[in-house]
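Visitor: Starting off with a structure, shown below.
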Amino acid sequence: MKILNSLMGKNKDSARHSVWGKKLVKPQDVLDLLEPGMSIYLSTGSAEPRTLMKHLIESDNHNISDLELIQVVSLGEAITAKDLDSKKFRLKTFFPGWLADEAISSGRVDLIPGFFSQIPHLIGSGQIAVDVAFVQISPPNAAGYCCLGIAMDAGRQAMDRARLVVGEINEDVPQTFGDTFVSISEFDYVVQSEETPFYFPRLQPAEVYVQIASNLASVIEDGSCLAFSYGPIFEALGKTLANKKDLGIHTPFITDAVMDLCRCNAVTNRNKAVFKGKSLASYAMGTPELMKWLDNNPMVEFQSADKVFNPLVIGQNKKFVTIVPCRKVDLAGRVVLFSGRSNTGVTPGEVGNFATAARLSRGGVSVFALPSRNLKGECNFLLSLEKYDEQFSIKEAVDMVVTEYGAANLYGRTVRERAQSLIEVAHPEDRTQLIEKAKEKHIIYKDQIFLSESSHLYQSDINEIHSFKNNLQVRFRAILPSDEEQMRRLFYRFSDETVYYRYFARIKAMPHSKMQMYVNVDYRTVVSIVGLIGPPGKGQIIAEARYVKHADKPFGDIAFVVDEKYHGHGIATYMYRLLARLAKERGLHGFTANVLASNTSMMKVFEKEGKMKAKMEGGEYELTITFDD
């Protein structure tokens, strides 16, 4: 008995008379104390008391009958679907986890709908009765304190309510910080674990998840506070976020991916408002390496679910980003969540809590992520989600949807604009059909232009951020059809002079019929760049530049415009140089342009870039600019 020996030291006879020695019993001794009808609380996930549960399941004792097992989240293997067929016990849980969904629908598992943040109160108040608490703990330290370690949902409240408290001591459980320490005196008995904790292996995310994670990283700002979970998207995020600065962690689950981000100093937690300087979680899910890293790590803190899952607590952190993997999304922004073994603790209620926290957070955002197609090659974007369970139907709380094809910003947009944005991140081969279905249902305009041949050609490589004078940060990307409304707003902010300089006409209106022709470009011959200010994935368009390739020569005809409020920052010059670089990469030799003679500011931009030839005709310059070798 390795633990007993380490605790007792050399003088075993003396130690056996200590309080600790008297508490150490065999699992069977604990089972003999159980009575039919008792409710037994079990700790969750990697903290499952696997030895006690193994003996309970295998026991033929007559008193092991009609027991009720209470587990907040069933993620481990202490209770299997096969075990649920036993008449000895029933499982009551707040989340079915990896247990088969059929177990709930067939009546073998009792599901308690509710918010995780309410669970400590439900148990602590006695609303959910607990007679016995089985919790996994670390060996006690020199002061006689054990650690609840890696699962802090409602264990402390269960121990306070239970008539019989049993700790399963596991040498592999790390000593963690937070509200985790309990005195050995709080246990009636302890048993020695015969099993390792339940570990969660590292995943090897497929390329599609790596690309999704890359797109997620592009909309996550430095200083953001993140909620993490276990799965291929989060595993990939551990790498794509490595170059971020001053990230914070307020999350249900600490995983190996979070450990990676902490090790590379992307996570500092210095901008958090609550639990400042600490990564906060209720659970740890991961490998033995993660458990070793957590051991006596003062930079990670574990707290109960009423603190970790409470939106009023979470929302105090600035730029809180909740990332939710999902299965399906409709064109209004409603989503279908994962269930069964694909899910690790996300219910519609918890998504609602974290989405509320993001709304309360200054600069917060709720992001839902999924591949554009499922493993069968079927489109994950639908018009209706009627036949699916586990829906999160509060579309108002879905700020952004990310796939391997980009990020669709839905916040503050109309149903029509949301549909357009979502179609743009669907699989290119599915977009034509989605457009037609959306037209049939009057979700988008009947005359909506869609260039199907351009679906595969979007220039996702155009993605840059540049800081101009007065600390003005502008993001540049290729134009999208869903930019129509933003481009209309930009047009109506122009003065008559700017409109005339750009369009060579006194245009007073830019209706849908005209603007949609402008934003739907053939990427084979047109490169159009928009400049945006504001948070990534959102923001306001303040500039646009484009060139159209000539059919008969390797030159492009260039034109651009900048919101008058942002003149004088050098944005036009930067966009010219960006377009010139892109044009060279695509084999062009130079640009042509038509500029009114009175447009001196634009002429200055062209004069300092490349070799320019100018010809005056009818009050305007016809320019030819050849790129330097």
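The values are calculated or read from the model by the stated rules, or taken from the named source; none is laboratory data. Predicted, not measured: the structure shown is a model, and the values here were computed from it. Virtual Cβ from ideal backbone geometry, glycine too; neighbours counted across all protein chains shown.
Visitor: Is it the case that segment 433-451 has a residue that's among the hydroxyl-bearing types (Ser, Thr, Tyr) and without any contact (Cβ under 8 Å) to a residue 60 or more places away in the chain?
Guide: Of all residues in segment 433-451, those among the hydroxyl-bearing types (Ser, Thr, Tyr) come to 445.
Adding the requirement that they be without any contact (Cβ under 8 Å) to a residue 60 or more places away in the chain leaves none.
No; the residues of segment 433-451 include none that is among the hydroxyl-bearing types (Ser, Thr, Tyr) and without any contact (Cβ under 8 Å) to a residue 60 or more places away in the chain.
Visitor: Just give me the residues in segment 387-429 being aromatic (Phe, Trp, Tyr), crowded, with 17+ Cβ neighbours inside 10 Å and either under 12 Å from Arg334 (Cα atoms) or not assigned by TED's automatic domain parsing to the domain that holds Leu370 (or both), in sequence order.
Guide: Result: Phe392, single match.
Visitor: If you don't mind, there's one more thing I want to ask. Counting only residues that are part of a helix (DSSP H, G or I) and among the small types (Gly, Ala, Ser), how many does segment 508-517 have?
Guide: Total meeting the criteria: 1.
Visitor: Can we say Val274 is in a helix (DSSP H, G or I) and touching a helix residue (DSSP H, G or I) at 6+ places or on another chain (Cβ under 9 Å)? Steps first, answer last, please.
Guide: Numbers: in a helix (DSSP H, G or I): no; touching a helix residue (DSSP H, G or I) at 6+ places or on another chain (Cβ under 9 Å): yes.
No: the conditions fail for Val274.
Visitor: Which of the residues spanning segment 149-191 are over 14 Å from Gln136 (Cα atoms) and surrounded by 22 or more Cβ atoms within 10 Å (Cβ to Cβ)?
Guide: Those that are over 14 Å from Gln136 (Cα atoms) and surrounded by 22 or more Cβ atoms within 10 Å (Cβ to Cβ): Gln157, Ala162.
Visitor: State all residues of segment 439-473 that are within 26 Å of the chain's Cα centre (by Cα) and farther than 22 Å from Tyr405 by Cα; if no residue qualifies, say none.
Guide: Within segment 439-473, His466, Gln473 meet the criteria.
Visitor: A further question on this structure: Being in a loop (DSSP other than H, G, I, E, B) and buried (at least 20 other Cβ atoms within 10 Å of the Cβ) is the filter; apply it to segment 34-61 and report the residue that is modelled with the lowest pLDDT. Walk me through it before giving the result.
Guide: Going residue by residue through segment 34-61, those that are in a loop (DSSP other than H, G, I, E, B) are 34-38, 43-44, 48-49, 59-61.
Okay, now just the ones that are also buried (at least 20 other Cβ atoms within 10 Å of the Cβ), so 38, 43-44, 48-49.
On the way: Met38: 94, Ser43: 89, Thr44: 84, Glu48: 89, Pro49: 92.
So, considering only residues that are in a loop (DSSP other than H, G, I, E, B) and buried (at least 20 other Cβ atoms within 10 Å of the Cβ), the one modelled with the lowest pLDDT is Thr44.
Visitor: While we're here: Could we say that Leu294 is modelled with pLDDT of 95 or more and of a type in the set (A, V, I, L, M) here?
Guide: Yes, satisfied.
Visitor: Filter segment 516-574 down to residues that are in contact with a Leu (Cβ under 8 Å, 6 or more places away or on another chain) and of a type in the set (S, T, N, Q) and give me whichever is farthest from Leu457 (Cα to Cα).
Guide: Gln540
Visitor: With segment 166-250 as the region, which strands (runs of 3 or more DSSP E) entirely inside it contain at least 1 residues that are more than 20 Å from Asn297 (Cβ to Cβ)?
Guide: Values: elements: 181-183, 189-192, 225-227.
Hits in segment 166-250: 181-183, 189-192.
Visitor: Now a separate question. For Thr432, indicate whether it is in the same structural domain as Ala369 (by TED's automatic domain parsing), touching a Ser or Thr at 6+ places or on another chain (Cβ under 6 Å) and over 14 Å from Asn380 (Cα atoms). Full working, then the answer.
Guide: Numbers: in the same structural domain as Ala369 (by TED's automatic domain parsing): yes; touching a Ser or Thr at 6+ places or on another chain (Cβ under 6 Å): yes; over 14 Å from Asn380 (Cα atoms): yes.
When the stated conditions are applied, Thr432 passes them.
Visitor: For segment 542-569, give me each residue that is in a loop (DSSP other than H, G, I, E, B) and crowded, with 17+ Cβ neighbours inside 10 Å.
Guide: At the first step, the residues of segment 542-569 found to be in a loop (DSSP other than H, G, I, E, B) are 550-554, 563, 567-569.
Those that are in a loop (DSSP other than H, G, I, E, B) and crowded, with 17+ Cβ neighbours inside 10 Å: Asp563, His569.
Visitor: Further question on the same structure: Among the residues of segment 78-85, are any within 21 Å of Thr180 (Cβ to Cβ) and either crowded, with 23+ Cβ neighbours inside 10 Å or modelled with pLDDT under 85 (or both)?
Guide: Restricting attention to segment 78-85, the residues satisfying the condition of being within 21 Å of Thr180 (Cβ to Cβ) are 78.
Those left that are additionally either crowded, with 23+ Cβ neighbours inside 10 Å or modelled with pLDDT under 85 (or both): 78.
Within segment 78-85, one or more residues are within 21 Å of Thr180 (Cβ to Cβ) and either crowded, with 23+ Cβ neighbours inside 10 Å or modelled with pLDDT under 85 (or both).
Visitor: Could you go through segment 518-528 and let me know if any residue there is in a helix (DSSP H, G or I) and either within 30 Å of Val219 (Cα to Cα) or not hydrophobic (A, V, I, L, M, F, W, C) (or both).
Guide: Filtering segment 518-528 down to residues in a helix (DSSP H, G or I) leaves 518-519.
The next check asks that each one be either within 30 Å of Val219 (Cα to Cα) or not hydrophobic (A, V, I, L, M, F, W, C) (or both); those that pass are 518-519.
Within segment 518-528, one or more residues are in a helix (DSSP H, G or I) and either within 30 Å of Val219 (Cα to Cα) or not hydrophobic (A, V, I, L, M, F, W, C) (or both).
Visitor: Can you tell me which of (1) of a type in the set (Lys, Arg); (2) in contact with a helix residue (DSSP H, G or I) (Cβ under 7 Å, 6 or more places away or on another chain); (3) at pLDDT 95 or above is the one Lys318 doesn't meet?
Guide: In the conditions (1) of a type in the set (Lys, Arg); (2) in contact with a helix residue (DSSP H, G or I) (Cβ under 7 Å, 6 or more places away or on another chain); (3) at pLDDT 95 or above, Lys318 misses (2) alone.
Visitor: Additional query: Is it the case that Asn141 is among the polar types (S, T, N, Q), part of a helix (DSSP H, G or I) and out of contact with any helix residue (DSSP H, G or I) (no Cβ under 7 Å at 6 or more places or on another chain)?
Guide: Numbers: among the polar types (S, T, N, Q): yes; part of a helix (DSSP H, G or I): no; out of contact with any helix residue (DSSP H, G or I) (no Cβ under 7 Å at 6 or more places or on another chain): yes.
Spelling it out, it is not the case that Asn141 is among the polar types (S, T, N, Q), part of a helix (DSSP H, G or I) and out of contact with any helix residue (DSSP H, G or I) (no Cβ under 7 Å at 6 or more places or on another chain).
Visitor: A further question follows. Please verify whether Ala266 is buried (at least 24 other Cβ atoms within 10 Å of the Cβ), of a type outside the set (S, T, N, Q) and over 15 Å from the mean Cα position of the chain (by Cα), treating the condition exactly as stated.
Guide: Values: buried (at least 24 other Cβ atoms within 10 Å of the Cβ): no; of a type outside the set (S, T, N, Q): yes; over 15 Å from the mean Cα position of the chain (by Cα): yes.
For Ala266, the condition - buried (at least 24 other Cβ atoms within 10 Å of the Cβ), of a type outside the set (S, T, N, Q) and over 15 Å from the mean Cα position of the chain (by Cα) - is not met.
Visitor: Which of (1) more than 18 Å from Val30 (Cβ to Cβ); (2) modelled with pLDDT of 80 or more; (3) among the aliphatic types (A, V, I, L, M) is the odd one out, the single condition Ile70 does not satisfy?
Guide: (1)
Visitor: Now for a separate question. Which ones in segment 360-414 are more than 28 Å from Leu247 (Cα to Cα), in a strand (DSSP E or B) and either at pLDDT below 90 or touching a Phe, Trp or Tyr at 6+ places or on another chain (Cβ under 8 Å) (or both)?
Guide: Scanning segment 360-414 gives a single hit, Gln391.
Visitor: Would it be correct to say that Met602 is assigned to a helix (DSSP H, G or I), of a type outside the set (D, E, K, R), over 19 Å from Asp461 (Cα atoms) and modelled with pLDDT under 90? It would help to see each step written out before you state the result.
Guide: On the way: assigned to a helix (DSSP H, G or I): yes; of a type outside the set (D, E, K, R): yes; over 19 Å from Asp461 (Cα atoms): yes; modelled with pLDDT under 90: yes.
Yes; evaluated as a whole, the condition is true for this residue.
Visitor: Something else: Restricted to segment 243-257, and to residues that are in contact with a strand residue (DSSP E or B) (Cβ under 6 Å, 6 or more places away or on another chain) and more than 15 Å from Asn317 (Cβ to Cβ), which residue is surrounded by the most Cβ atoms within 10 Å (Cβ to Cβ)?
Guide: Ile254
Visitor: Assuming Val300 fulfils every condition listed in (1) over 17 Å from the mean Cα position of the chain (by Cα); (2) closer than 30 Å to Lys387 by Cα apart from one, which condition is it?
Guide: (2)
Visitor: Sticking with this structure for a sec: What is the residue count in segment 588-599 for residues that are at pLDDT below 80 and among the hydroxyl-bearing types (Ser, Thr, Tyr)?
Guide: Of the residues in that region, 1 qualify.
Visitor: Continuing with the same structure: Look at Arg577 and say whether it is surrounded by 19 or more Cβ atoms within 10 Å (Cβ to Cβ) and basic (Lys, Arg).
Guide: Values: surrounded by 19 or more Cβ atoms within 10 Å (Cβ to Cβ): no; basic (Lys, Arg): yes.
Here the answer is no, as Arg577 does not meet what is asked.
Visitor: I've got another one for you. What are the residues in segment 292-315 that are in a loop (DSSP other than H, G, I, E, B), in contact with a helix residue (DSSP H, G or I) (Cβ under 6 Å, 6 or more places away or on another chain) and not hydrophobic (A, V, I, L, M, F, W, C), if any? Steps first, please.
Guide: Pass one, segment 292-315, residues in a loop (DSSP other than H, G, I, E, B): 295-299, 303-304, 309-310, 315.
Cutting the leftovers down to in contact with a helix residue (DSSP H, G or I) (Cβ under 6 Å, 6 or more places away or on another chain) gives us 304, 309-310, 315.
If the condition is that a residue be in a loop (DSSP other than H, G, I, E, B), in contact with a helix residue (DSSP H, G or I) (Cβ under 6 Å, 6 or more places away or on another chain) and not hydrophobic (A, V, I, L, M, F, W, C), then Ser304, Asn310, Gly315 are the ones that fit.
Visitor: Before we move on, is Leu472 closer than 22 Å to Ile541 by Cα, surrounded by 14 or more Cβ atoms within 10 Å (Cβ to Cβ) and at pLDDT 90 or above? Walk me through it before giving the result.
Guide: On the way: closer than 22 Å to Ile541 by Cα: yes; surrounded by 14 or more Cβ atoms within 10 Å (Cβ to Cβ): yes; at pLDDT 90 or above: yes.
Taking the combined requirement at face value, the residue satisfies it.
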